[in-house]
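Derivation of every value follows stated rules applied to the coordinates shown; laboratory data play no part. Predicted model, so just to flag it, every value in this text is computed and none were measured. Cβ: placed from backbone, ideal geometry, glycine included. Neighbour counts: every protein chain shown.
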Amino acid sequence: MLKKTLKGALAGFLLALVFCLVKNSIAYKFPSKRAGMQAAISEKSIDNLFIGSSLFRQGVDIQTLEAELSGNSFVLSYNGNQPVQMSEELKMLLRNEVEISHVYMDLYVYSSSLRPAISDTRLIWDMDMQGKNVLFSDMVTYSEAGFREFFDFYVTSNNEYMIFYPVFQIVMNQEYYKGGNIRETFGSTKKSLDNLGTPGDREGIHDIQRKALEEMVELCEKEGISLSFVEIPKYYTLEQTKYYMRLREELMECIGDASCYSTENVEFDNTNPVYYQDLFHLSGEGRREYTMQLIKVIQEKETGDE
Amino acid sequence: MTFTTIRFCLFFAVVFVIYTCCTQRYRKYLLFMANVLFYLSLDVKVSLLAFFTALVTFFGGRQIEKYKNTDRKRAKSYLLAVIATVLLILFLGKYLNFLTETIQKVMDLFHVSARLPVFELLAWIGISYYSLKAVSYLVDVYQGKIQGETDVILFVNYLLFFPQIVAGPIGRAEKMLPQLRKSLPVTKEQAALALNQLATGYFKKLVIANMAAGYVDKVYADVASKSGLTCLFAAFLYSMQIYCDFSGYSDISIGVSGLLGISVEENFNCPYMAKSIKEFWRRWHISLSAFLVDYVYIPLGGSREGKGKKIRNTLLTFLLSGLWHGASWTFVFWGLYHGVCNCFCKGIEKKRNIPKILATFCLVTVGWLFFRADSFSTAFLMLKNIAVNTTLSVTAIQETLLVFTGDMMSLAYGLMALVMTGLLLLREYRYTYGGLSENNSEKKKAFAGKSLQERREREQVIWLAFCIFSIICMGDFGSQGFIYANF
């Protein structure tokens, strides 16, 4: 009986090993029609790639982009996506020969002030092995990731997702279109937004994120891709805090003269609570309104450039 | 050093190797060292008190043994004195603040302005378990069921046996002391069973209980804002969490004991397959139920003195059970609730009855609402939400699942929690009523062409492989401690 038991234990271990190997090396190729890296790759050619965090998912309306902005648009977003990760995402798209004309990159103070960390495990799922290894080695170098993080990153993450992949795709297809969120989300009230308080201060823009922003500029230059930064407007109570303003200024310094669509050149009423779900994320109505305003400025700029 | 930490795994691996390799003569000393180290790793002050309790019980047991046949009165005095000491330590460690808080509330009710102090108590890990072990040992010695132990090392090994320190099972001296005395090495058969039990325990704790805990904690943190369906799902998941957490601990404890060659009886026997509350308590925390029956219910008179006294004794026993679980009125209510349910039970049916299994599960789940809630208002709010605000719309389902991760991954987590609990319950159903049950073995023998033993062995190997796979791939190795370690 002991022999059989040990064989059973070994079988379980081997099964787990095979499962993790498949997940890490092949699963990123599983087709995904509506959102994520595979959906972007299957587009083959993207004119306007919006690459960012949940702020883009909630703040950039894909249907408005489709209707108002010329060319094929796609929103590639992961929760808490940091510049260091966005740069790897772009590299992976280029490795897969996706033709990109213009990249609009999320300029988000909080994700840029953190050490490398993965907030959205779907990013690990979507990355190829090369990208995964870079993301993890950044975590080892700058975030002191150890065995625990290694285990979470390569072994534990996304297993539920892999098992229920077909079910998950059905839901994704209903909620996303070309990477953009099409689910209606409702706005808030002044009282509940005020009750949320504001998140605390951060030390400053992290060196590796600063480096990633520079790398992104260089990469786009090298590949002949136009790059613009987009700052989704936050609720005014947050934007008025001293530390937010300081961090924002620091972040603006990082991008230097690069093209940027910020609260300074895109008109948007960030005091209207109906436009917000919380202090960071826009509601459905806010998303549509902001995207319209953004497109207007983009078009004005394009006309001016011509 | 809880069972789910790498530290414990390393600690046990070292203990196991040395214990298995060393000669029989030295095993008790090695086990003693392991017990001391394990307890010291929890808390130095608390461990000193635990060893003090062990010594008091040991010497008390010797005095009782000395006088039990010659001077019964003196033996009884010793018995009462030592039990009082043990219970006083338990009271001071666990119930002092509960008592002062209750008195304070009564004083507030009568507008008495005086404030009673709130004591800073130590984290008395395991006190409820070793106290009950001590009481049962003393009573058994007094009643002549066992002889008072003469070897202090052996006795400490029994009372503070490290696999049982934190959350039981409450091992009986008559079964454990002879095994500890022999200190036989583990047999192959025992090792196979122990490994299976270990894997099942870790699966229950790391995969189901911890996965459910994240959800349940979020719901209980803000019940008012949650929908009825969310509360209902949280109530179901808590039923699974508490079961998998506690029985998972017991399984690991029994598995660890088994690898040290000590057989410990099962503490859980598929409790959610019970068809009545009475049956539930024969399957849930069996060692505590047996203790309460032997040392509380029967000494009170049991069911011998008429229906009225039977009800009184049942209610008193369950009230004590509630109080043992925690120093709070919600636990007392939970105990009484089970006591009342028990009084309405007629007997225990042998045949399968799915509606009754479901009804019992629902009754038990309602009880858990009070067990989990930190106040009556939270428990009643949960009940109200479930009863009044439960709707089955797409939005309600989305909101319900969202609690898992707050994003799109919620669906996968929700499904995984359901599948894992479903598989566990299905296995338990098969062991209780299905193809692996002893009752069904004869009927299915010809069909399956294999004996029950063979089928169980085959199933155990598959189950073990599944558990190992699930622990590695789906295990949540977060810092969730064991719930019953708090009692």
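In a DSSP loop and with at most 16 other Cβ atoms within 10 Å, the GluC sites (Glu not before Pro) in segment A:36-143 are A:97.
Of the beta bridges in segment A:31-305, as assigned by DSSP with both residues counted there, near 15 percent are antiparallel.
Highest GNM mean-square fluctuation among A:168, A:153, A:74, for chain A modelled with Cα contacts below 10 Å: A:168. When the helices of chain B are scored as -39500 (n - 2.57) per DSSP H run of n ≥ 4 and the total is divided over every residue, the value at 222 nm lands at -22500 deg cm²/dmol. Shape class of the protein assembly as shown from the alpha-carbon gyration tensor: prolate, with a/c at 1.5 or above and a/b greater than b/c. Against chain A, whose longest principal axis is taken from its Cα atoms, helix A:165-175 shows a tilt of about 10°. Cβ-Cβ distance of residue B:115 and residue B:383, R₀ of 30 Å, FRET efficiency by 1/(1 + (r/R0)^6): the value works out to about 0.35. The order of B:240, A:139, going from fewest to most other C-beta atoms within 10 Å of their C-beta, is A:139, B:240.
For chain A, a Gaussian network of Cα nodes joined below 10 Å ranks A:14, A:282, A:76 by mean-square fluctuation, and the top entry is A:14.
In whole percent, what relative contact order does chain B give with Cα contacts below 8 Å and a gap of six or more residues?
It rounds to 17 percent for chain B.
Between segment A:69-108 and segment B:344-386, the alpha-carbon centres lie 51 Å apart. Structure remark: mean-square fluctuation, Gaussian network model of chain A, C-alpha springs under 10 Å; the largest value among A:278, A:106, A:194 belongs to A:194. Per DSSP H run of n ≥ 4, the term is -39500 (n - 2.57); total these for chain A, divide by its residue number, and report the mean residue ellipticity at 222 nm rounded to 500 deg cm²/dmol. Counting only the DSSP helices, I get -16000 deg cm²/dmol. Loop only by DSSP, 14 or fewer other Cβ within 10 Å of the Cβ. Give me the GluC sites (Glu not before Pro) in segment B:34-120 that pass, ordered by residue number. Qualifying residues, ordered by number: B:120. Mind checking which aspartates and glutamates have their C-alpha under 14 Å from residue B:226, skipping anything on the same chain fewer than 8 residues away? Cα-Cα hits under 14 Å: B:217, B:399. Checking the cross-link pairs A:29/A:178; B:218/B:275; B:68/B:133 against a 26 Å limit on the alpha carbon distance flags B:218/B:275 as lying beyond it. Between the C-alpha center of segment A:228-296 and that of segment A:151-170 there is a gap of 33 Å. Strictly over 18 Å apart at the Cα level, which of B:145/B:278; B:28/B:182; A:91/A:222; B:145/B:310; B:94/B:278 would you flag in this model? In this structure, B:145/B:278; B:145/B:310; B:94/B:278 exceed 18 Å between Cα atoms.
Reported to the nearest whole Å, the Cα centre-to-centre distance from segment B:201-260 to segment A:23-39 is 32. If r is the Cβ-Cβ distance from residue B:80 to residue A:203 and R0 is 51 Å, what FRET efficiency results, to the nearest 0.05? Efficiency at R0 = 51 Å is approximately 0.20. The trypsin sites (Lys or Arg not before Pro) found in segment A:18-112 that occupy coil by DSSP, while having at most 11 further C-beta atoms within 10 Å, are A:44.
Would you count, across segment B:318-476, every pair of lysines whose alpha carbons are under 22 angstrom apart, provided the pair is eight or more residues apart or spans two chains?
Within segment B:318-476, the lysine pair count is 7.
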